[in-house]
Amino acid sequence: MTASKIPRILVVDDNPFNRVLISDMVKLQGFAVTEANDGKEALSRIQKNDFDLIILDLLMPGMDGFETARHIRKMGLSVPIVAVSALALKQDRLNSLKAGCNDFLSKPLDFKGIQSILKKYVKERSEERKTEFPSLDNGASSSPPPLFKGGHLILVEENQEQREQYASLLSQSGFRVKAVANGTEASRYIEKTNHAVQMVISNIFTSGIDGLGLLAIIKRQYAHILVFLYTQSYNPATFQYAVQQKVDGIIPQDQFESIALEIIESALSQSRRKGSRISDAKTAELVRKAQDQLVHPGCLHSCSFLDVAYQSLHEAGGDMMRYHNLDLDGRCGIVLADVAGHDVMSSYTSATFTGILMSLWDNHKDPLALLQRINSELIKVGNDKSHVCATAMVWERWSGRLQIVSAGNPGALILTIDPTGKPVFKNLTGGGMVLGILENSELFQCASAKLDGDAYLFLFTDGIETDALMAAIETKLTLFDGKKIRGRGICQQLIDTILEKNEQEDDMILLCIQHDEKWGSPDSHSGFLSTYEEVDRACAWIDRKLTVESIPMGNDRDLILLAARETILNAVEHGNDLKSTAHFEVSLYFLEHELRIKVLDEGSGFCLEENVCKPCDVPLKQIGKRGLGLTASIAQEILVEEGAVTLVFNEVS
């Protein structure tokens, strides 16, 4: 079939998701699709092209569907127009017909509705124009297209009689057919034949691995294989899931013998025009590697209180996560984003989002202002094919105060353990308007809270249900014992627990933070760059903060300052490796009869016992070279935890 003979359908809808969904349903029937996002653009396309059918949304800003239909009729065109709308009142249907529409479909749309419209109007239109196109009712051609000859195909059907019937039809059409009962057998056969299979046709509902599961496996591991699904019944959720997984065609089972070969022919033609599937597979592998970099803390500093896990649904998810030190006063930013779709474009959008985020973060530290600005920038770059759900949070680690703004993402979940050992949950509401679609900042959802005590906060994308997360936490309560969470895989264990009881339906990012201080908020805290000049400034800052009352009885002020200086020098020279762009933080805790000085650097920590010299080996005359040995001889206790060194001074009798 030549491209000029393929019927052309114009889809007009201001909602990009509805537009893509309708377009995919039409393409699966072998038709060519042109899209327009409003009435004005639709009229422009109609003036330049001849269409066989127009599918027209009624509720659009500017020129709505009613006005667009009237303009089309004023142009003297008789092309069929089918109105689609969430409006379901009889008067709305009548108004659309009066405006010039031929038929009406209610949202949400399903495959059967679109299919019936195509059969009714495209067929009638083609007979008027006497052109040839893929009929939805005619039987298979007596001479199979050259595309089919020698093609290696797997047929997956549990019912033996139907399996033999379909296998016979496909064999007569030129395919080399391997018929199996379920997806498990198909997957093993593909692996055994060393990827020689070119095509899989499967019933959606089979035992073992079903059709949707087989589709996900093939698109993840064997991107060169075309996959077609068939089923007796449709529902929009199943259909949309299959489209997201990049199914190559969906075949109504009651029309398998009359329409299957036409759908396969169309998909094969499109595949060969697009180029090598093997090349596409290599591209998908590169995208997977790039995707791994999008879900990353983005900063190794002070992350002992942060844990994150990412579970991709298939090769290109597009989700991202970043953690960022906003300033030297303990304010941290965390952004979590979920991009619509599961393809290369999704990861590209996610990378674009990440680039915009990192360029704006330092100048837009308020989470609401940050998302507002990112939204504006996404709209500028023309983000009309996918949207971004995002959560932005600013957390003052020392006070525990946090602000969260959601744009289409779930909110947050705070966990505390009561004295009886039972979990107590507080849900911070999410939602709001997604980014990249509308310039409407008022639709973002804002929340604030305070994280203190032994509390944990969870942020997550909408691939995780709040109830499922709470159930997983209750199952894994032993994970929340107050110890630092980094390196313990808490989030991955929770995701695994969720997936034991729930089927994964989307990419999943789960992030957990815990209150950073066992002793509460510091009485004084400050950050410094990692230079010798800043070492002097930090020591002067400590000196100003120390009062007579804050120094425990029996301790000498000068010795305390000397021990602090040696600890800071250790952080600059060893923890930060003399990198002037790195920084260290100093916190002071004035407790009853006790002083604590905590120095935090960007290093991975060390073993205290291996780095403390004997007192007799301490070179007292070498300023700055005396290290932790001298510090240990002054402080009553030294606590080392990853990149943090805490000096403890108690009362001395």
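Give me the net charge for the shell around Arg401: Cβ to Cβ below 10 angstrom, other residues only, Lys and Arg +1, Asp and Glu -1. Write down the numbers at each step before the final one.
Details: positive: Arg331, Arg397, Lys450; negative: Glu396, Asp452.
Net local charge, Arg401 excluded: +1.
Please compute the alpha carbon radius of gyration of the range 404-446, then divide it by the globular-protein estimate 2.2 N^0.38 Å. Two decimals is fine. List each step's numbers first, then the result.
Values: Rg = 14.7 Å, N = 43, 2.2 N^0.38 = 9.2 Å.
So the Cα radius of gyration is 1.59 times the expected 2.2 N^0.38 Å.
Let me know the shape class of the range 417-502, please: from the alpha-carbon gyration tensor, a ≥ b ≥ c as square roots of the eigenvalues, rounded when a/c is under 1.5, otherwise prolate if a/b is greater than b/c, or oblate. If you can, show how the numbers build up before the last one.
Details: a/c = 2.31, a/b = 1.63, b/c = 1.42.
Prolate is the answer for the range 417-502, as a/c is 1.5 or above and a/b outweighs b/c.
Can you order the peptides 566-578, 410-422 by their average number of other Cβ atoms within 10 Å per residue, highest first?
On the way: 566-578: 20.8, 410-422: 15.5.
Going from most to least packed, we get 566-578, 410-422.
As a quick test, which of the pairs Lys40/Lys120; Lys422/Lys476; Lys219/Lys501; Lys48/Lys112; Lys476/Lys501 have an alpha carbon distance above 19 angstrom in this structure? Please report the intermediate quantities before stating the final value.
On the way: Lys40/Lys120 27 Å; Lys422/Lys476 12 Å; Lys219/Lys501 24 Å; Lys48/Lys112 30 Å; Lys476/Lys501 14 Å.
Violating the 19 Å Cα-Cα cut-off are Lys40/Lys120; Lys219/Lys501; Lys48/Lys112.
Sorting check: for 219-228, 542-551, which peptide has the highest mean count of neighbouring beta carbons within 10 Å, and how do the rest follow?
219-228, 542-551
Under the definition of Cα pairs under 8 Å and six or more residues apart, what whole-number percent is the relative contact order of the range 1-110?
Working: 179 pairs, mean separation 25.6, N = 110.
Relative contact order of the range 1-110: 23 percent.
Accessible area per residue for the range 470-515 in Å², computed with a 1.4 Å probe and the full protein assembly in place, what is it?
46
The values are calculated or read from the model by the stated rules, or taken from the named source; none is laboratory data. Please read all numbers here as calculations on a predicted model, not as lab measurements. Note: ideal-geometry Cβ built from the backbone for every residue, glycine included; neighbour counts use all protein chains shown. Just the protein is used for accessible areas: all its heavy atoms, side chains included, with ligands, DNA and RNA removed. Shrake-Rupley method; radii C 1.70, N 1.55, O 1.52, S 1.80 Å.
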